[in-house]
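Read the structure below first, then the notes.
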Amino acid sequence: MRRVLTHSVYALLLLGGSMGAAPGHTTTTPVKNLPVFLPLPEQKPTVAELPNGKPYQVGKASWYGEFFQGKATASGEDFNMNDYTAAHRQLPLGTFVKVTNLKNHKAVIVRINDRGPVTPGRIIDLSYKAARQLDFHQNGLQKVQIDVLPPKDAEMAMARQPKALP
């Protein structure tokens with residue numbers, strides 16, 4: 001009986017030892033082109049808690065377009081580079097914001113429908129159409145001011161915004 005038990009344990013150890021990870025090549029070279037997941041900063045105040053007359057954020061904006069066309073956004077809808085939409089790290093999805101280009105003072109109203117930007121130092125990623133409306137689609141980056149709009153004001157502002165680009 002003891003011999004059978006010993007052989008059984010020995011067989012299990014052999015079998016269990018062969019089920020580990022296969023030996024392979026290991027490297028210390030960093031892997032490129034993988035998505036970077038940054039921790040979300042602490043929660044910003046809600047629209048009702050924002051002080052009147054003060055901008056929500058000021059910083060660098062970038063834009064994204066054709067490469068992401070048709071891919072799912074954080075809201076579940078497909079990204080359309082020809083809509084007035086944007087990606088923001090903290091604002092609730094569906095929030096409308098006024099984004100003002102601080103270089104030429106052009107402004108556009110966008111709806112937050114995605115999370116990002118993933119690049120540190122940027123505060124918002126705009127759709128190509130919004131970046132074109134702000135006239136920075138050729139530079140790629142621009143210092144902007146973000147103001148959160150109450151929903152009723154956003155609806156009126158969106159109705160007055162240009163529908164099509166030339």
Proximal aspartates and glutamates to K60, defined as alpha-carbon separation beneath 18 angstrom and excluding residues fewer than eight positions away on the same chain: D114, D125, D135, D147
field: Ranked D147, D78, D114, criterion: other C-beta atoms within 10 Å, fewest first
entry: D78, D147, D114
- line: So H105 and L93, fully extended at 0.36 nm per residue minus their Cα-Cα distance, gain in nm 1.8 nm
task: Using amide H atoms built 1.01 Å from N in the peptide plane, name the residues 5+ places from Q57, or on other chains, whose amide H lies under 5 Å from its own.
output: I146
query: FRET efficiency for A74 and D135, Cβ-Cβ distance as r, R0 = 22 Å, nearest 0.05?
result: 0.25
query: For K71, K106, K98, what ranking results if the residue with the fewest other Cβ atoms within 10 Å of its Cβ goes first?
result: K71, K106, K98
message: Assuming 0.36 nm per residue, please report the length gained on full extension of the stretch T119 to V58 beyond their Cα-Cα distance.
response: 20.4 nm
- request: Counting other beta carbons within 10 Å of each Cβ, put S62, S75, S127 in order, fewest first.
  value: S75, S62, S127
- prompt: Hey, what do the phi angles of the stretch 59-76 turn into as Karplus ³J(HN,Hα) couplings, whole Hz, using 6.51/-1.76/1.60 and θ = phi - 60°, x for Gly and Pro?
  reply: x, 8, 10, 10, 9, 9, x, 4, 4, 9, 3, x, 7, 5, 9, 5, 7, x
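Read the figures in this text as sums done on the coordinates, not as results from a lab. Keep in mind the model is a prediction, meaning the values are calculated, not measured. Note that we place each Cβ from the backbone using ideal geometry, even for glycine, and neighbour counts take in every protein chain shown.
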